[in-house]
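Nothing in this text is a laboratory measurement; each read-out follows from the coordinates by a stated rule. Keep in mind that what you see is a predicted model, and the values were worked out from it rather than measured. Cβ atoms come from the backbone with ideal geometry, glycine included; neighbour counts cover every protein chain shown.
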Amino acid sequence: MTPPLGAELVDRSPSAGDVTLFGHWICPYSVRVSFALAQRGIVHDVVDVPPTAARPRGFVVPTEFVEHSPRGEIPMVRIGADYRADSLPILDWLEESFDGRSLLPADEVGRALVRDRTVWIDAHVFAPMIGIYYGTDETRIADASTSLAAGLAAMGEWLEESPWLAGQEPTVAEAAVIPVYVRLDALRRLGFAGPVDPRVAEHITRCTALAGWNAVAWTDEQSSDFVGRFERYRAARRAQSQG
Ligand SMILES: N[C@@H](CCC(=O)N[C@@H](CS)C(=O)NCC(=O)O)C(=O)O
């Protein structure tokens, strides 16, 4: 069997146990970091910290997380004795901290393109994605759905030029968008009605062959758990607004 792209990488982290991700599968920002760690072959530990809304009753938030997280948000990463929060700065920090398969091109022009596209994805793809599942009325859900389809179509234009979002190799831009791909089925069940640009559909297929994909792909159970949570959230908000 051909190993997935990136799987042949040698771990160059100082030693196992030096890198810890505090995160959770349901958090799209954590998924970005999980993907990047796995794609780059950086050996790491994971401390499961569900977002507040998804914490089981009695969940004890680890003291290390409380002490070092500036805003109480996941993802947070520890490398040695240093900590960082916020997914996109964490991705940059991983680039600075580890050799090996980089998710940034070597040249400055290429790097600038990755940064521009990553920020664009955050505003025009991630934001409508979140708008869909936090949408509580049909109009807002439909508007977010239209915006997400438009964002994906714009990404399709980039993919006309190259197989990856910002060039000939997977980059931080792939890490930025991967949570959208991971939850696409769940988004459909929560109201995403728009088409997925065919060039993006092909890109999704390419992404599923990456080593990082295996670390973040959802099972059907995870998709259903996610959908169920947001259906209950919507029902509760509707009941609130009627009462
Ligand atoms: N800008 C941050 C956003 C992170 C974020 O919003 N994380 C959520 C979970 S998905 C969180 O931890 N919220 C606080 C909470 O659940 O208490 C990033 O890019 O990492």
Within a Gaussian network of the chain (alpha carbon springs, distance under 10 Å), most fluctuating of Pro89, Pro179, Pro28: Pro89
Per DSSP, loop chymotrypsin sites (Phe, Trp or Tyr not before Pro) in segment 29-79 with at most 14 further Cβ within 10 Å: Phe59
Fewest-first sequence of Cys207, Cys27 by Cβ atoms within 10 Å of each Cβ: Cys27, Cys207
Cα-only radius of gyration and Dmax that characterise segment 187-243, units Å: 15.7, 49
Likely footprinting exposure, Ser30, Ser145, Ser223, fewest C-beta neighbours within 10 Å first: Ser223, Ser145, Ser30
Most fluctuating residue given options Ala81, Ala36, Ala176, as computed from a GNM of the chain linking Cα atoms under 10 Å: Ala81
Rg(Cα) / (2.2 N^0.38 Å) computed for segment 134-237, rounded to two decimals: 1.14
Positive dipole terminus of segment 37-103, leading residue within Leu37, Val47, Ala81 (C-beta point charges): Val47
Point-charge dipole on Cβ atoms (K/R +1, D/E -1) for segment 108-233, about Cα centre, debye to 20: 200 debye
Residue exposure sequence - Thr118, Thr136 - by fewest surrounding Cβ within 10 Å: Thr136, Thr118
Cα radius of gyration and Dmax for segment 19-97 (Å): 11.8, 38
Listed residues Tyr134, Ala112, Tyr181: farthest to the positive end of the dipole of the chain (Cβ charges): Tyr134
Within a Gaussian network of the chain (alpha carbon springs, distance under 10 Å), most fluctuating of Glu231, Glu73, Glu96: Glu96
Cα-based radius of gyration of the chain once divided by 2.2 N^0.38 Å, which approximates compact folds: 1.02
Fraction of antiparallel bridges per DSSP, the chain only, in percent to nearest 5: 65 percent
